[in-house]
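As structure tokens, the structure follows; a few thoughts come after it.
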Amino acid sequence: MTSTADETAGMGSAPVEAGTVAAPDDTAGLRGLLRVVVRNRLAAVAVVVLALFVVVAVLGERLAPYGRNEVSSEDKLQAPSLDHLFGTDQLGRDVFSRVLIGAEPSLRVGLVAVSIALVGGVVFGLVAGFYRGWIDDLIMRVMDVLFAFPAILLAIAILAIRGRGSTNAMIAIGIVYTPIFARVTRASVLSVREEVFVRAARSIGAGDLRIMARHVLPNVAAPVIVQTSVSLAFAILSEAALSFIGLGTQPPEPSWGRMLADGRGFIQDAWWIAVFPGLAIFAVVFSFNVLGDALRDALDPRQRSAIESASAGQ
Amino acid sequence: MAPSDQSVDPVLAVEDLTVRIATRRGPAHVVNGVSWSVGAGETLAVVGESGSGKSVSVLSLLGLVPRPPATVTGTATFDGQDLIALPEEALQKVRGPGIGMVFQDPMTSLNPVLTVGRQLTEGMEVHLGYDRGRAQERAVELLDLVGIPSPRERLRAYPHHLSGGMRQRVMIAIALSCDPTVLVADEATTALDVTIQAQIVELIGDLQRELGMAVVWITHDLGVVAGIADRVAVMYAGRIVEEAAVDALYASPQHPYTRGLLASLPVLGAAGGRRSDLAVIPGLPPDPVHLPPGCPFHPRCPVRGDARCADQVPPLRPVGATAGIPHRVATFYDPDATADPARIEDGSP
């Protein structure tokens, strides 16, 4: 660091070194983070796959060669061909088109559900870890109760109360994943709140809200980001599971979980009906998991500095 | 920085401050009835070893020692208010514009994920209601004031871009950002190497002359104290055991603990220079949960012998004055009497 030289030069005569001061940090900010992540080849592939699915989810219908519920009775249960890349189902619907169109509800449910869990969990975890005491006990015991139920069972129970449908599925999955975020956040907050810089912020007159939002939250972001990526995978899986048992996205809307359920009965004769949506689920979930792992590595300060110095040598 | 008589308008006056911290083993008597004051333009050094309560005695004034587990009693008069009795919201207004703090370790006292600029402008946003542009301009001035080159570029730097000395300068700039009346430096040079220490000490001295602040310097480093302080308070086991003008303290330390501390300073070029020549005070500071009865220093005291040592706490009594600053000491031992403890008579005023 050039500033060491500044120090020995003394305060009065410190030389001006405009060129070397505050060099742009290639790992600062989200762009820098992405750069570190994609140095990992597998993670780079995962990012591309996810980007592809997002494009498909956004464009959906426009990319699909056939309509979402376009039935063609002559083309029932056709094996994959050039006309029907992933074959057709028992009603003659094009499986490829439905997989493409099904990306949107799957990703949307996953995204909204994880957003609910993220916001709720981070707020609860932050407040619990920062204030400790009875408020911590209260919040975390409620979280423990939620956490004690098997995830799918709790989601089914919530859907049983609120009724089936994709909106309620989002809420249910969101509630189910809230305790994980609360725990991850609280654990990090517990260590950050003891940091000297928190006391220093207090000593300059910052209040609780400012300290939580500005000093603690950015310092707990790393594990929360990792958890978000991994939870997206599980939320999409949960959506598929709920749709599979008929509680999530409702027919005739295409949904990967729903298509798996429908194709299940024909697996002996027409494997493609179930396999292709299954592969789509696998690809998205696997990609989010790989991305989560890569983020974990990238955000771990020890590993990160190793990556930085390795890349600095190039 | 003229040595002022302490009776002249102290800006911060602490009276009979006591801090207890509840622990699993029982209450820890961390600070036990400490009184001191500091005036504008004056530097008070609070000296003591780790665990002597010197930091807690200052942090507790600002509500920076969590209560509970701590209980704080006594008064701390600042700007016509008693800081100990102030509610949190009112204390927040004192932290920064009233009393600014610089902490020990510049490596951990800056937030690693925020830029220097954002941390510098925080106090101004909270207290002075500056908008972003104005706060940034002031931040540049402050960085310039504390001797950081290219201050405008540094605003965008993250703490890990800066060396320890630079970070401590940033911390000082943050503490100064709201024009504090009192600057508290809590071991502000301890984590720095010696040349940087000297620069930081010099910097704070310059700033004090320029801005007329009162400075409370908490340290265990008697070498630092000699260079900067007007008055020194030596703490041991949560009490002030000796208090004097800095020259008087070095010239004629009265308390056996102070003498021990001064004797344990290595002397450059001293004859021999072997490690064994360094004087040490035998024993360890007392456990604040189980303070010894009587004078807290008596189990380690080389001159104990007075009958009261083991069951009475010696009061701070005046033993003289230098330039209007009283010299006070809390010991039953009277160095002017002969070494025969039997001849020591009632030393209390």
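Every number in this text was worked out from the coordinates using simple rules, so none of it is lab data. Quantities reported herein were computed from a predicted structural model and do not represent experimental measurements. No Cβ is skipped: glycine too gets one built from the backbone with ideal geometry, and neighbour counts run over all protein chains shown.
Just checking the output field for B:92-100: average partner chain Cβ neighbours within 10 Å of each residue's Cβ?
If you average over the peptide's residues, the count of other-chain Cβ atoms is 3.
Is the stretch A:132-261 best put as rounded, prolate or oblate by its Cα gyration tensor, with a ≥ b ≥ c the root eigenvalues, rounded for a/c under 1.5, and otherwise prolate when a/b is larger than b/c, oblate when not?
Prolate, because a/c is 1.5 or more and a/b exceeds b/c.
Nearest 20 debye, what's the magnitude of the dipole of chain B about its Cα centre given +1 on Lys and Arg Cβ and -1 on Asp and Glu Cβ?
Using only the charged Cβ atoms, the result is roughly 980 debye.
Once the dipole of the protein assembly as shown is set up with Lys and Arg at +1 and Asp and Glu at -1 on Cβ about the Cα centre, which of A:Ile171, A:Pro150, B:Ala248 lies farthest towards its positive end?
A:Pro150
Out of all Cα-Cα pairs in chain B, roughly what percent, to the nearest whole number, are more than 26 Å apart?
Above the 26 Å cut-off, chain B has 52 percent of its Cα pairs.
Less than 11 Å Cβ to Cβ from B:Gly96, Lys/Arg counted +1 and Asp/Glu -1: what total charge do the surrounding residues give?
0
Could you work out the mean count of beta carbons from other protein chains within 10 Å of each residue's beta carbon in B:108-119?
Per residue, the number of nearby Cβ atoms from other chains is 5 on average.
Sorted from fewest to most neighbouring beta carbons within 10 Å, what does the list B:Ile240, A:Ile211, A:Ile204 look like?
Listed from fewest to most nearby Cβ atoms, that is A:Ile211, A:Ile204, B:Ile240.
Would you mind getting the Kirkwood hydrodynamic radius of the protein assembly as shown from its Cα pairs, rounded to one decimal in Å?
The answer is 29.5 Å.
Over all residues in B:137-147, what is the mean tally of Cβ atoms on other chains that come within 10 Å of each residue's Cβ?
The per-residue average across the peptide is 1.
Counting other beta carbons within 10 Å of each residue's own, what order do A:Glu239, B:Glu49 fall into, fewest first?
B:Glu49, A:Glu239
How high is the relative contact order of the stretch A:156-245, in percent, with contacts defined as C-alpha pairs under 8 Å that are six or more residues apart?
Dividing the mean separation by the residue count of the stretch A:156-245 yields 37 percent.
Hey, fewest Cβ within 10 Å first, where do A:Met140, B:Met235 land in order?
If I rank by nearby Cβ atoms, fewest first, I get A:Met140, B:Met235.
Given +1 on the Cβ of Lys and Arg, -1 on the Cβ of Asp and Glu, and no further charges, what dipole in debye does the protein assembly as shown carry about its Cα centre, rounded to the nearest 20?
Roughly 1700 debye for the protein assembly as shown.
Using a cut-off of 15 Å between beta-carbons, work out the net charge of the residues near A:Thr178 (Lys and Arg +1, Asp and Glu -1, A:Thr178 not included).
Net of charged neighbours comes to +2.
So if I place +1 on the C-beta of Lys and Arg and -1 on the C-beta of Asp and Glu, and nothing else carries charge, what would the dipole magnitude of the stretch B:132-272 be about its Cα centre? I want it in debye, nearest 20.
420
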